[in-house]
Amino acid sequence: MVIIGGGYIGAELGYFYATMGTKITVLQRNELLIPNTDQEIATTFTKLWKQKYNVITNAAVNNIGKKGKNITVNISVSGKKKIIEAEKLLLATGRKPNTDLLQVEKTGVRVSKAGFIEVNRFMETNVSGIYALGDIAGVYQFKHSANLEAEYVTNAVLGKKKAVDYYPMPYAIFTSPQIAGVGITEQEAIEQKKKYVVGRYEYQNTGMGAAMEEKQGFVKFIVDTKTQEILGCHILGPHASILLHEVVVAMKAHRTKALEILRTTVHVHPALSEVVQRAAWNVSL
Ligand SMILES: Cc1cc2nc3c(=O)[nH]c(=O)nc-3n(C[C@H](O)[C@H](O)[C@H](O)COP(=O)(O)OP(=O)(O)OC[C@H]3O[C@@H](n4cnc5c(N)ncnc54)[C@H](O)[C@@H]3O)c2cc1C
């Protein structure tokens, strides 16, 4: 199977098919897979995937054709042309709203140029009594953010109207290795000119990480130097999506004391979560 697109959807579906025994080739336009995650995470992930699968980065797709029963994808990589042949093609180059097909304009509901339904902080559209939530509202595009919005809309309809509180919004990518994160990436911290410090810890330097012989996994914190607020936390490795949750809960509990909470909470030894606590201690403020 040839997969065009190395974002999280291409990676998750690619991982699924590869685990089922399909030989996959991933064509990615960017130099890294999952480029929107923290660059350090994306770099390690890309390196590991290049060892396991046929991953071609910096690949521009010129055209797609057919050869007998197979599909051919003509690509350019650093000016050199190549043809990739496969039985199946998976296009994972992005998603777009279907408001045009739904003819939403007939309801009077305002739609943005990108096709998302415009909502306020209460998920209300400009038409009284019509709400929008989930992907079509275009705030976040996660199942858990859609669930959160659904809860607020249900409460609003029942008379308990409140602005949606998204903070802090986590994400996870269910691949091998697994990835999870919350808040901003280091490249975003630089773009936003934040004064920050990084704290990092490797799984292999904890008891459980060593027992698991986990050589690549790590936890990385990005913390505001002045306020001590956790700006971001990014994890690559086994159970990343579960490990992230104590960080999310601490952030929700107290915006500027979350790091202190993580540091001073006793963690079971040798639970894998020691890697989170030690990364928190490695933030030099
Ligand atoms: C491959 C892939 C992997 C993903 N992995 C994750 C993940 O790990 N975690 C995560 O949080 N998110 C993940 N997402 C994103 C997640 O699926 C979406 O954010 C979430 O489903 C949004 O929920 P929703 O209800 O807004 O939209 P949807 O789940 O898309 O539901 C919309 C429904 O409306 C129906 N519909 C559309 N048009 C019409 C019509 N005209 N008439 C009637 N029905 C219609 C659709 O058929 C669909 O059932 C993934 C997405 C993809 C594509």
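None of the figures in this text is laboratory data; all of them are computed from the coordinates on show. Everything numeric here is computed off the predicted structure, so don't read it as measured data. Positions of Cβ are generated from backbone atoms using ideal geometry, with glycine treated the same way; all protein chains shown enter the neighbour counts.
Data table
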quantity: Tally, over the stretch 80-101, of residues that are surrounded by 13 or more Cβ atoms within 10 Å (Cβ to Cβ), of a type in the set (A, V, I, L, M, F, W, C) and away from the ligand (no atom under 16 Å from the Cβ); calculated: 2
quantity: Criterion (in contact with a Lys or Arg (Cβ under 8 Å, 6 or more places away or on another chain) and within 15 Å of the ligand (Cβ to nearest atom)) met by exactly one of TYR140, TYR152; calculated: TYR152
quantity: Conditions (1) more than 16 Å from the ligand (Cβ to nearest atom); (2) in contact with a helix residue (DSSP H, G or I) (Cβ under 6 Å, 6 or more places away or on another chain); (3) part of a strand (DSSP E or B); number of the one not met by VAL198; calculated: (2)
quantity: Selection count, the stretch 264-285, where residues are outside any loop (DSSP other than H, G, I, E, B) and under 13 Å from TYR201 (Cα atoms); calculated: 8
quantity: Residue list for the stretch 222-254, restricted to those being in contact with a Pro (Cβ under 9 Å, 6 or more places away or on another chain) and part of a loop (DSSP other than H, G, I, E, B); calculated: GLY237, PRO238
quantity: Residues of the stretch 128-154 that turn out to be out of contact with any helix residue (DSSP H, G or I) (no Cβ under 8 Å at 6 or more places or on another chain) and under 16 Å from VAL109 (Cβ atoms), as a count; calculated: 5
quantity: Residue selected from the stretch 102-144 under the condition touching a Phe, Trp or Tyr at 6+ places or on another chain (Cβ under 7 Å) and outside any loop (DSSP other than H, G, I, E, B), by the criterion surrounded by the most Cβ atoms within 10 Å (Cβ to Cβ); calculated: ALA137
quantity: Answer residue from the stretch 45-79, given it is among the hydrophobic types (A, V, I, L, M, F, W, C) and surrounded by fewer than 16 Cβ atoms within 10 Å (Cβ to Cβ) and is farthest from GLU188 (Cα to Cα) among those; calculated: ILE64
quantity: Residue list for the stretch 14-34, filter: within 17 Å of the chain's Cα centre (by Cα), more than 14 Å from ALA180 (Cα to Cα) and surrounded by 18 or more Cβ atoms within 10 Å (Cβ to Cβ); calculated: GLY14, TYR15, GLN28, LEU32, LEU33
quantity: In the stretch 1-13, residue nearest to the ligand (Cβ to nearest atom) [restricted to those that are closer than 17 Å to THR72 by Cα, outside any loop (DSSP other than H, G, I, E, B) and within 20 Å of the chain's Cα centre (by Cα)]; calculated: ILE3
quantity: Criterion violated by ALA42 - all others in (1) surrounded by 16 or more Cβ atoms within 10 Å (Cβ to Cβ); (2) aliphatic (A, V, I, L, M); (3) under 21 Å from PHE174 (Cβ atoms); (4) in contact with a strand residue (DSSP E or B) (Cβ under 6 Å, 6 or more places away or on another chain) satisfied; calculated: (4)
quantity: Conditions (1) closer than 18 Å to LEU91 by Cβ; (2) away from the ligand (no atom under 16 Å from the Cβ); (3) in contact (Cβ under 8 Å) with a residue 60 or more places away in the chain; number of the one not met by ASP38; calculated: (1)
quantity: Among the candidates ALA156, ALA189, ALA210, ALA150, residue that is small (Gly, Ala, Ser), without any contact (Cβ under 8 Å) to a residue 40 or more places away in the chain, surrounded by 15 or more Cβ atoms within 10 Å (Cβ to Cβ) and not in a strand (DSSP E or B); calculated: ALA156
